[in-house]
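Below: one structure, written as structure tokens.
The values are calculated or read from the model by the stated rules, or taken from the named source; none is laboratory data. It should be emphasised that the depicted structure is a prediction, and the values quoted were computed from it without experimental measurement. Every residue, glycine among them, receives a Cβ derived from its backbone with ideal geometry; neighbour counts consider all protein chains shown. Note: accessible area is taken over every heavy atom of the protein model, side chains too, but ligands, DNA and RNA are not part of it. Shrake-Rupley method; radii C 1.70, N 1.55, O 1.52, S 1.80 Å.
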Amino acid sequence: MPRHILIRNARLVNEGRITDADLLVADGRIAHIAGAIDRSADVEIDAAGAWLLPGMIDDQVHFREPGLTHKGCIASESAAAVAGGITSFMDMPNTRPPTLDMAAVDTKRALAAAGSRANYAFHLGVSTHNLDAVASADPRRIAGIKVFMGASTGDMLVDDPVVLERLFACAPTLLLAHCEDTPTILANEALWHARHGAAVPFDAHPQIRSAEACYRSSSLAVALARRHGTRLHVLHLSTARELELFDEGPLAGKRITAEACIHHLLFDDTDYPALGSHLKCNPAVKTRADRDALRAAVASGRIDVIGTDHAPHTREEKAAPYAAAPSGLPLVQHALPALMELVHDRLLALPTLVTRCSHAVADLFQIRERGYLREGYWADLALVADQPRAVDDDPILSRCNWTPFAGRRFRSRVRATVVSGQLAWYDGILQPDCHGQALEFDR
Ligand code: DOR
């Protein structure tokens with residue numbers, strides 16, 4: 001690996017400010033940031049005024065390994081991630097087998113150590129039978145505890161009230177919740193099935209996985225967290241109504257936080273006719289009013305972080321009729337270019353985007369020495385240039401080989417990504433020999 005990388009003439013976006021500077025990487029770390037750095041390096045990049053951001057830290061991905069590698073694996077999906085400016089990811093437990101104890105976490109860490117281009121960590125899953133493993137989990141070896149309070153891909157639903165009370169009382173670190181009320185969804189599904197049989201249209205998805213289903217479950221999660229003093233992070237908010245459950249303002253001091261995902265910020269229900277199953281995900285993409293409220297909440301700080309919920313399924317699986325088509329979209333490869341659209345449309349200030357994608361994620365998960373452009377910190381960087389590019393002009397790196405953004409043109413592209421001081425992606429080409437590291441947590 002080149003020991004020194006020098007990025008000149010960049011516009012650094014960090015901690016609420018934009019500054020023109022050079023940045024020197026040495027031995028994995030940010031060695032120096034200054035107006036002009038007068039030295040040579042193994043790799044020199046003229047940023048020519050492009051934005052230099054701390055790489056995105058994605059708190060929610062489904063990289064499918066072990067057990068579901070026909071959809072994706074850590075090597076393939078982390079390659080797509082670095083192309084999208086993501087330098088670290090936290091992977092979800094609904095693999096096969098599911099990640100329900102520390103031995104399963106360690107298996108995944110070993111797979112990532114061998115094959116991941118990005119830095120990595122893993123969430124421990126919850127089932128109705130593993131509360132002892134959850135309570136005794138080592139908070140320094142997992143990113144968080146993930147509970148599916150609504151059924152989704154995999155068989156990990158936990159909705160027994162007794163189990164939930166115990167879980168919220170015993171979680172040893174951040175509890176991440178997928179919130180959708182399954183009885184509400186099943187009742188809606190039965191109604192649509194009675195009307196349409198096997199031909200339920202895909203635009204019924206937000207009626208079936210309805211706003212009501214989301215609110216019932218997320219309000220329950222928030223009530224449980226308040227009662228037990230749990231550190232709760234509600235994942236992928238998809239409705240305006242749920243926003244009332246969360247406080248505006250900076251992360252520091254909050255016990256209950258929220259995440260929004262790229263697809264809920266970039267799509268709305270008018271996209272179902274064109275995308276069909278390629279927009280089917282849980283929670284469902286809902287109305288334009290919901291999308292706009294989520295965007296405003298990201299801007300105001302009521303929503304604390306942005307993730308992707310990258311969830312690849314094959315084209316063949318997605319070709320099934322509504323009831324059988326699995327939910328989830330591949331998103332990591334276009335993460336920063338897609339989000340930059342909100343910046344170009346003046347819906348989000350670039351420093352706020354950096355806070356939600358990097359700073360706040362590092363703070364929320366207490367990640368050691370990442371998520372900021374600071375001397376001494378790990379060099380996890382994304383160089384983003386305002387150069388329009390058609391999505392279809394680049395090969396898809398996710399194994400599933402499709403994207404919901406097909407046909408779109410983004411106004412920015414990721415020129416370079418640096419992971420733990422190694423060039424991971426440069427001018428449209430994956431770089432060889434880039435190895436992510438395990439995230440460390442100051443807990
Ligand atoms: O749409 C989704 N897909 N939502 C989830 O909660 C799971 C994910 C998956 O793993 O496919």
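What is the dipole size for the stretch 247-332, taken about its Cα centre, with +1 at each Lys and Arg Cβ and -1 at each Asp and Glu Cβ, in debye to the nearest 20? Walk me through the numbers on the way to the answer.
Working: 10 positive and 12 negative charges, 5 e Å.
Charge dipole of the stretch 247-332: 20 debye, to the nearest 20.
Excluding Ala110 itself, calculate the net charge of residues whose Cβ lies under 14 Å from the Cβ of Ala110, where each Lys or Arg counts +1 and each Asp or Glu counts -1. Mind showing how you got there, number by number?
Details: positive: Lys108, Arg109, Arg141; negative: Glu65, Asp91, Asp106.
Value of the local net charge: 0.
When Rg is the radius of gyration of the Cα atoms in the stretch 90-177 and Rh is its Kirkwood radius, what does Rg/Rh come to? Can you show the working numbers first?
Values: Rg = 12.5 Å, Rh = 13.0 Å.
The Rg/Rh ratio comes out at 0.96.
Suppose each label sits 7 Å from its Cα in the direction of the beta carbon; what would the Ile18-Asp427 distance come out to in nanometres?
2.5 nm
Under 14 Å from the Cβ of Asp101, count the other residues' Cβ atoms, weight Lys and Arg +1, Asp and Glu -1, and hand me the total. Walk me through the numbers on the way to the answer.
Numbers: positive: Lys108, Arg109, Arg141, Lys146; negative: Asp106, Asp132, Asp138.
For residues surrounding Asp101, the net value is +1.
For a bin width of 5 Å, list the pair-distance distribution of the stretch 161-317 built from all Cα-Cα distances, rounded to whole %.
With 5 Å bins starting at 0, P(r) equals 2, 9, 18, 20, 19, 15, 10, 6, 2, 0.
Cβ neighbours within 10 Å, averaged per peptide: list 166-179, 184-197 in order, most packed at the top. Present the calculation step by step, with values, prior to reporting the outcome.
Numbers: 166-179: 21.9, 184-197: 14.3.
Packing proxy ranking, top to bottom: 166-179, 184-197.
Leaving out ligands, DNA and RNA, and with a 1.4 Å probe, what % of the accessible surface on the chain is carbon or sulfur?
Details: 7990 of 15870 Å².
For the chain, the apolar C and S fraction of the accessible surface comes to 50 percent.
On a full-extension model of 0.36 nm per residue, what is the gain between Arg374 and Ala390, subtracting their alpha-carbon distance, rounded to one decimal in nm? Let's see the in-between values first.
Values: separation 16, 0.36 × 16 = 5.76 nm, distance 3.31 nm.
Full extension from Arg374 to Ala390 adds 2.5 nm.
Per DSSP helix of 4 or more residues, -39500 (n - 2.57); summed, then divided by the residues of the chain. What does that give at 222 nm, rounded to the nearest 500?
Values: 14 runs with 122 residues, N = 443.
Calculated mean residue ellipticity at 222 nm is -7500 deg cm²/dmol.
At 7 Å along the Cα-to-beta-carbon direction for both Ala34 and Ala289, put a label point, then send me their distance in nm to one decimal.
Taking the simple label geometry, Ala34 and Ala289 are separated by 5.7 nm.
Give me the net charge for the shell around Arg288: Cβ to Cβ below 13 angstrom, other residues only, Lys and Arg +1, Asp and Glu -1. Before the final figure, lay out the partial values.
Details: positive: Lys286, Arg291, Arg295; negative: Asp268, Asp269, Asp271, Asp290, Asp292.
In short, -2.
Provide the three semi-axes, in whole Å and in decreasing order, of the ellipsoid equivalent to the chain as defined by the square roots of 5 times the Cα gyration tensor eigenvalues. Before the final figure, lay out the partial values.
Working: eigenvalues 226, 115, 85 Å².
Over the Cα atoms of the chain, the semi-axes work out to 34, 24, 21 Å.
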